[in-house]
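Colleague: What follows is a structure written as structure tokens; I'll ask about it next.
FYI, it's all coordinate maths here, none of it is from the lab. Keep in mind that this is a model prediction, so the values were computed, not measured. Cβ placement follows ideal geometry from the backbone for every residue including glycine, while neighbour counts extend to all protein chains displayed.
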Amino acid sequence: MLIFVFITFFASFFFVFLSGKVDDFVREQMNTVIDRSQEMITNMYRGNIDPKIIMGLQTDETSMMYNIFYTDEGNYSTASEKINAMPNLSIQISENMRKQTALQKQVEHYTYENDENKAYYAINILSDDFAFVTVVTSEYRMNYRETLLSTVVNITVFVVGLFFVVLMIWMASLIHPLNQIRNYIEKVKLGEDAELRVNRNDEIGELAEAIISMRQELLRQERVKEEMIHNISHDLKTPIATIKSYGESIKDGVYPYGTLEKSVDVIIKNAERLEKKVYSLLYLNRVDYLVSQNTGEKETNMKEVVEEVLQALIMIRSDIQIETDMKDVYFYGSYEPWRITIENIMDNALRYAKDVIKITVDEDEVTIYNNGSQISEERLATLFKPFEKGQGGQFGIGLSIVHKVTSANGYIVSGENMPDGVIFRIYREHKKEGRESRRKQKNDSKKGVSS
């Protein structure tokens with residue numbers, strides 16, 4: 001496509017623009033040649049050289065440029081055959097000479113043209129009894145024009161050829177790494193071992209690095225999922241085995257935990273544990289559907305959500321002091337997904353907090369702080385990825401559900417280390433910008449800078 005556009009441009013330039021300019025350029029060059037020839041004759045005449053001697057020097061019959069001399073004795077030229085080939089030339093010269101004499105112009109350029117010939121000439125009137133005309137023949141003009149066009153064509157062909165070679169080299173430099181990337185993707189798709197090396201610093205190199213990074217991330221996630229599935233299988237197997245063994249024992253009249261009531265309590269406890277784990281897995285798969293049911297018109301009072309979650313979880317750790325600062329703030333989205341979101345963050349906070357949890361519900365922002373241990377930088381980078389389980393974690397599903405719900409409703413969730421704990425924030429992007437702006441204004445005011 002590039003070659004086609006390039007050749008089309010040159011063809012248009014050559015046949016439309018250049019062809020019209022060539023004739024103008026040829027005429028200017030012919031006039032320049034005529035002026036140089038006439039300058040020599042003019043200098044000889046003004047040097048008091050006898051006009052007959054001057055006329056005698058112009059005897060080159062083979063030249064494509066000739067002179068016609070006009071004296072008080074008549075006109076003279078050695079190119080009578082060429083003049084006869086252009087029968088109207090003498091008449092046109094005579095008419096133009098009379099006009100030029102009347103206008104008192106010494107030198108004037110003219111063009112002669114008929115069906116077969118085109119010539120350029122200049123009339124030079126040196127005195128009342130001596131004038132001459134220099135004529136450039138059609139053959140000279142055509143030869144010059146063909147030579148010029150041939151030169152232009154050769155240059156054009158050279159430039160196009162050079163451009164074509166450079167373009168082919170450039171295309172080869174693009175196609176080869178793209179083929180490498182395609183072969184790499186094909187091998188990855190088939191599950192084969194693949195290696196990609198593209199030593200480029202342009203967009204293709206960045207693409208190759210992104211694909212390699214993507215594959216490494218997919219392999220890492222696959223390993224995490226396999227490990228998580230193994231852990232989930234183990235976690236599910238333990239309560240199932242407990243329920244089964246206790247049930248069989250009770251059926252046989254044996255009470256493993258001493259009494260029937262205590263043994264049944266163990267079965268119920270493990271069933272609840274099993275139910276909670278299965279529910280988390282099912283909810284992770286259902287969260288996209290639940291969020292999609294929101295038409296964009298539903299809003300949820302986050303203060304009410306937090307209050308309900310606290311009522312359900314407040315007795316889990318009675319040693320924790322929970323401080324709240326909440327306003328009636330409405331978030332986009334349905335009630336149930338937001339309840340699960342707050343519940344998962346609170347469950348995480350209760351697990352790690354030492355003795356204090358602070359909850360703030362403000363305009364377009366919810367923050368939940370706990371004074372537990374800080375999170376490692378490596379863990380912060382994967383905090384909301386599914387099946388990423390931190391120290392003391394359970395399934396690695398809770399925070400991934402939080403991320404899904406918040407992003408689906410147009411909010412952002414982040415976890416940050418504080419000097420004496422960890423804080424989770426749920427906010428809209430403009431809220432973050434406003435908070436940073438207010439922080440900047442506050443800092444500026446402290447420095448005495450008008451903001």
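Colleague: Taking only C-alpha pairs under 8 Å that are 6+ residues apart, what is the relative contact order of the stretch 82-153 in percent?
Modeller: Averaging sequence separation for qualifying contacts and normalising by length gives 19 percent for the stretch 82-153.
Colleague: Right, something else. Using a 10 Å cut-off on Cβ atoms, rank the peptides 326-336, 240-250 from the highest mean neighbour count down.
Modeller: Put in order of decreasing packing, that is 326-336, 240-250.
Colleague: If I model the stretch 141-210 as equal point scatterers sitting on the Cα atoms and use the Debye formula, what is log10 I(q)/I(0) at q = 0.15, 0.20, 0.28 Å⁻¹?
Modeller: Log-scaled intensity ratios, in q order: -0.64, -0.85, -1.13.
Colleague: Distance from the Cα centre of the stretch 79-97 to that of the stretch 320-372, in angstrom?
Modeller: Using only Cα atoms to place each centre, the spacing works out to 107 Å.
Colleague: Only sites in a loop by DSSP and with at most 12 other Cβ atoms within 10 Å count here; which GluC sites (Glu not before Pro) in the stretch 290-380 make the cut?
Modeller: E297, E363
Colleague: Work out from phi, with θ = phi - 60° and the Karplus expression 6.51 cos²θ - 1.76 cosθ + 1.60, the ³J(HN,Hα) of each residue of the stretch 301-310, listed in order in whole Hz, and give x for Gly and Pro.
Modeller: Residue by residue, the stretch 301-310 yields 6, 5, 5, 5, 4, 4, 4, 5, 5, 5 Hz.
Colleague: Place the peptides 178-184, 313-319 in order of packing, highest mean first, counting for every residue the other Cβ atoms within 10 Å and averaging per peptide.
Modeller: My ranking of the peptides, most packed first, is 178-184, 313-319.
Colleague: Could you tally the net charge around K244, taking each other residue with its Cβ under 15 Å from the Cβ of K244, Lys/Arg +1 and Asp/Glu -1?
Modeller: Residues close to K244 contribute a combined charge of +2.
Colleague: Rounded to two decimals, what is Rg over Rh for the stretch 56-188 when you use alpha-carbon atoms and the Kirkwood radius?
Modeller: So for the stretch 56-188, dividing Rg by the Kirkwood Rh gives 1.49.
Colleague: Near the amide H of K298, under 5 Å away, which other amide H atoms are found, from residues 5 or more places off or on another chain, if H is placed in the peptide plane?
Modeller: Here the answer is G333, since their amide H atoms fall under 5 Å of that of K298.
Colleague: Taking the mean number of other Cβ atoms within 10 Å as a proxy for protection, how do you rank 345-355, 153-163 from highest to lowest?
Modeller: Going by the mean number of other Cβ atoms within 10 Å, highest first, we get 345-355, 153-163.
Colleague: Around K118, which amide H atoms from residues at least 5 apart in sequence, or from another chain, sit under 5 Å from its own amide H, with H modelled in the peptide plane?
Modeller: Close amide H contacts, sequence-distant or interchain: S138.
Colleague: Quick one: what do you get for the stretch 105-261 if you divide its Cα Rg by 2.2 N^0.38 Å?
Modeller: 3.01
Colleague: Taking the stretch 159-235, which GluC sites (Glu not before Pro) meet the DSSP loop condition and have no more than 12 other C-beta atoms within 10 Å?
Modeller: E192, E195
Colleague: Note the direction-averaged projected area, equal to a quarter of the hull surface, for the Cα convex hull of the stretch 298-364, in nm².
Modeller: 4.1
Colleague: Among residues other than P51 whose Cβ falls under 15 Å from its Cβ, what is the net charge (Lys/Arg +1, Asp/Glu -1)?
Modeller: -3
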